[in-house]
2 protein chains.
Amino acid sequence: MPQIARLTRPSQLSETVSKTIEQWIADGVLAPGVKLPTEKTLSAEFGVSRAVVREAISRLKAEGYVASRQGAGAFVEARPGQASFRLADDVDAADPAAMVHVFELRYIVETAAAALAARRHSAPDLARMREALQRMDQAVAACADGAQADDDFHVAIAAATGNPALQRFIRFMGHQFFDSRVPTWSAQGHAAGRAAAAQAGHQRMFEAIAAGDAAGAREAARQHMVEAARRLGIDTKDWDPAPQAPWEEEALP
Amino acid sequence: MPQIARLTRPSQLSETVSKTIEQWIADGVLAPGVKLPTEKTLSAEFGVSRAVVREAISRLKAEGYVASRQGAGAFVEARPGQASFRLADDVDAADPAAMVHVFELRYIVETAAAALAARRHSAPDLARMREALQRMDQAVAACADGAQADDDFHVAIAAATGNPALQRFIRFMGHQFFDSRVPTWSAQGHAAGRAAAAQAGHQRMFEAIAAGDAAGAREAARQHMVEAARRLGIDTKDWDPAPQAPWEEEALP
DNA sequence: ATTGATCTGCTTGTCAGACAACTTTTGCCG
DNA sequence: CGGCAAAAGTTGTCTGACAAGCAGATCAAT
């Protein structure tokens, strides 16, 4: 049963408070290093209990906006909000334009990872990719769901770069688009040949990586990502102005 | 007075609880969609008050591990922990190897951003870059601190891509290395010519971007990042374009 | 018997007050 | 003036309570 998206945000008191304080910090009303008003003051000001204020501050602490010291107070961090990167706001909005931007970011790191994987892969890395490829082959043959294997394949490439930070970021970006892989591996996707087409792209990527061909791996990844973008209805010509002479390569007139 | 880094984590009760539950989720003890034990149960199990449990769960909610519904309970998210990306663990560790990985990720997005900026920049974007460049020029001439202008320059390039997600990510990555810009703009940095060298790199990037030369902008950014990496003692041999079969773009001269 | 509404227990959200642990300021005394 | 102890203030934790909302059980009606 499909989950109904809640249109109206439930009025969470603590969320209201934390968002307000977050705005204060963003607007510079509360500069880095400055001490926040006391919990008692805030609770009086917002007209809520101290528990709500504590919950709001707890959220701000988790997101790296503030830090609190017992007995002293809560202070704005030196680089507020820079402890973690989140694009939930972009994706949750379901704004097509925002999704284009996020997908472009994914495109950038995926293509770079393919090139690095071609240079640095080890035998076990290749084995992981091959195993994921085979599972997708089986899914294509059986018209089954290969979304998980698809995900695993991209993660295996990221792992082959030997860069855990890059690997974690690609995994992060991939999860943002996990739902978008459904149309590819659905019954309609199989019927329309989308699954087979995606698999062909994966095969090209794998061969280039296995051959140590960094440029080829990047190009194969680029094509694969462009196809995926088109399946999502993303207008790729805006970021791919030269279909014949690809992409970011040569200088424009 | 310099702040002493606290070596021993102060025993935060709520942090202990949240870390434990986070581990449960990571280990699969609590699978996605599963309902957490009730707050009353948890508080009894951990031997703490319900307020502490609520604070711990509040943190888990902020980090996207769980979501709670009033009257029903708290449930593990479908993709726990994938709401935000953080590499604080890597950087905080001050592990040189980890920093190499993070810097490589920054290298990937910065070079891509330079190429995109060359294609998409507007006049105001160029003005912002030019303004930051001038401030750095003044800093070089006066042997002053140009770290902020340096940061602003890179952010201006990111803004010129017209991709807010990419912009935010570059800003995020840049802040991770804000401290690393100190040796460039310190007195020793000026004396050793590091500030002037960095500024020359910025100038090359700006000219290529202003000319709409995507490949040139990418290459200038690559060189700039390689120099910065070398100053940090990072091995960049995999970043160099391959002599015969160049890295991504077209044949280099 | 199935369906529908209602009821009851349970869980989270919020409130209030209190004490403990700790920090900062104040004020006294040498 | 300097050092030290008391005091005031702040966050961390505990306790108890009630409101708001949910899920399953109960029960009535067709």
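The values are calculated or read from the model by the stated rules, or taken from the named source; none is laboratory data. Bear in mind the structure is a predicted one, so any value in this text is a computation, not a measurement. Cβ coordinates were reconstructed from backbone atoms using ideal geometry, including for glycine residues, and neighbour counts include every protein chain displayed.
If you go through the range B:200-214 one residue at a time, how many are surrounded by fewer than 22 Cβ atoms within 10 Å (Cβ to Cβ) and either assigned to a helix (DSSP H, G or I) or on the phi > 0 side of the Ramachandran plot (or both)?
Of the residues in that region, 7 qualify.
Which one of the conditions (1) in contact (Cβ under 8 Å) with a residue 24 or more places away in the chain; (2) away from every other protein chain (no Cβ under 12 Å); (3) within 16 Å of DNA strand D (Cβ to nearest atom) does B:Ser122 fail to meet, given that it meets all the rest?
Exception for B:Ser122: condition (3).
If you scan the range B:50-78, which residues turn out to be of a type outside the set (A, V, I, L, M, F, W, C) and within 12 Å of DNA strand D (Cβ to nearest atom)?
B:Arg50, B:Arg54, B:Glu55, B:Ser58, B:Arg59, B:Ser68, B:Arg69, B:Gln70, B:Gly71, B:Gly73
Condition first: touching a residue at least 24 places away in the same chain (Cβ under 8 Å) and farther than 22 Å from B:Arg130 by Cβ. Now tell me which residues in the range B:144-174 satisfy that.
Result: B:Phe169, B:Met173.
Any residue that is modelled with pLDDT of 90 or more, under 12 Å from the mean Cα position of the chain (by Cα) and either in a helix (DSSP H, G or I) or of a type in the set (A, V, I, L, M, F, W, C) (or both) - is there at least one of those in the range B:173-184?
Within the range B:173-184 (the criterion being modelled with pLDDT of 90 or more, under 12 Å from the mean Cα position of the chain (by Cα) and either in a helix (DSSP H, G or I) or of a type in the set (A, V, I, L, M, F, W, C) (or both)), the answer is yes, since at least one residue qualifies.
Which one is surrounded by the most Cβ atoms within 10 Å (Cβ to Cβ) among residues in the range B:37-49 that are of a type in the set (Ser, Thr, Tyr) and within 13 Å of DNA strand D (Cβ to nearest atom)?
B:Ser43
For the range B:140-151, how many residues meet the condition of being surrounded by 20 or more Cβ atoms within 10 Å (Cβ to Cβ) and under 16 Å from B:Glu110 (Cβ atoms)?
Of the residues in that region, 1 qualify.
Check A:Asp179, A:Asp137 and return the single one that is touching a residue at least 24 places away in the same chain (Cβ under 8 Å), over 20 Å from B:Glu110 (Cα atoms), assigned by TED's automatic domain parsing to the domain that holds A:Met225 and surrounded by fewer than 20 Cβ atoms within 10 Å (Cβ to Cβ).
On the way: A:Asp179 fails: touching a residue at least 24 places away in the same chain (Cβ under 8 Å).
Result: A:Asp137 is the single residue among A:Asp179, A:Asp137 that is touching a residue at least 24 places away in the same chain (Cβ under 8 Å), over 20 Å from B:Glu110 (Cα atoms), assigned by TED's automatic domain parsing to the domain that holds A:Met225 and surrounded by fewer than 20 Cβ atoms within 10 Å (Cβ to Cβ).
Could you check the range B:72-90 and list, in sequence order, the residues that are assigned to a loop (DSSP other than H, G, I, E, B) and within 9 Å of DNA strand C (Cβ to nearest atom)?
Matches in the range B:72-90: B:Ala72 only.
Out of the residues in the range B:215-253 meeting the condition of being modelled with pLDDT of 90 or more and under 19 Å from the mean Cα position of the chain (by Cα), tell me which one is nearest to A:Ala211 (Cα to Cα).
B:Arg222
List pairs: first in the range B:186-197 and assigned by TED's automatic domain parsing to the domain that holds B:Asp150 and at pLDDT below 85, second assigned to a helix (DSSP H, G or I) and aliphatic (A, V, I, L, M), Cβ under 6 Å, 6+ apart or cross-chain?
Within 6 Å, the pairs are B:Gly189/B:Ala195.
Which one of these is of a type in the set (A, V, I, L, M), farther than 30 Å from B:Phe178 by Cα, more than 24 Å from the chain's Cα centre (by Cα) and surrounded by fewer than 17 Cβ atoms within 10 Å (Cβ to Cβ): B:Val34, B:Val66, B:Val52?
That would be B:Val34, the only listed residue that is of a type in the set (A, V, I, L, M), farther than 30 Å from B:Phe178 by Cα, more than 24 Å from the chain's Cα centre (by Cα) and surrounded by fewer than 17 Cβ atoms within 10 Å (Cβ to Cβ).
For B:Val109, which of the numbered conditions (1) in contact with a Phe, Trp or Tyr (Cβ under 7 Å, 6 or more places away or on another chain); (2) more than 21 Å from A:Phe169 (Cβ to Cβ); (3) within 13 Å of chain A (Cβ to nearest Cβ) fails to hold?
Here B:Val109 meets the rest and fails (2).
Give me a count of the residues in the range A:147-162 that are touching a His at 6+ places or on another chain (Cβ under 9 Å) and either more than 19 Å from A:Ala127 (Cβ to Cβ) or not assigned by TED's automatic domain parsing to the domain that holds A:Ala197 (or both).
Residues in the range A:147-162 being touching a His at 6+ places or on another chain (Cβ under 9 Å) and either more than 19 Å from A:Ala127 (Cβ to Cβ) or not assigned by TED's automatic domain parsing to the domain that holds A:Ala197 (or both): 0 in total.
Kindly indicate whether any position in the range A:83-105 is modelled with pLDDT of 95 or more and either surrounded by 20 or more Cβ atoms within 10 Å (Cβ to Cβ) or facing another protein chain (nearest Cβ under 9 Å) (or both).
For the range A:83-105, residues modelled with pLDDT of 95 or more and either surrounded by 20 or more Cβ atoms within 10 Å (Cβ to Cβ) or facing another protein chain (nearest Cβ under 9 Å) (or both): absent.
Please specify each residue of the range A:45-66 satisfying the condition of being away from every other protein chain (no Cβ under 11 Å) and either within 17 Å of A:Glu77 (Cα to Cα) or of a type in the set (Phe, Trp, Tyr) (or both).
A:Phe46, A:Val66
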